[in-house]
């Protein structure tokens, strides 16, 4: 039986939500092995003076398998 653990991460990107989610997974992979999935729980963005999105934000849960 596999044991899974979940990390909740928040990150941002100037490019888009997909890039923000990838940044979260890439950062987690620096210290965690066996990442199996990511669930993007929340999306948000900051808007600048001209009414344009400046930064994309995500809150996501990264799931990884715990070794025996």
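Where a number appears in this text, it was derived from the coordinates with a stated rule and is not lab data. Quick caveat, the model's predicted, so the values are computed rather than measured. As a convention, Cβ positions derive from the backbone with ideal geometry for all residues, glycine included, and neighbour counts pool all protein chains shown.
Kindly provide the set of residues from segment 7-18 that are loosely packed, with under 12 Cβ neighbours inside 10 Å and assigned to a strand (DSSP E or B), ordered by number.
Within segment 7-18, just 8 meets the criteria.
For the subset of segment 19-60 comprising residues that are within 9 Å of the chain's Cα centre (by Cα) and without any contact (Cβ under 8 Å) to a residue 12 or more places away in the chain, which member is surrounded by the most Cβ atoms within 10 Å (Cβ to Cβ)?
Among them, the one singled out is 22.
Working only within segment 19-42, note down all residues that are part of a strand (DSSP E or B) and under 15 Å from residue 8 (Cβ atoms). Before you say what the answer is, go through the steps one by one.
First pass over segment 19-42, keeping only residues part of a strand (DSSP E or B): 35-42.
Listed by number, the residues that qualify are 35, 37, 38, 39, 40, 41, 42.
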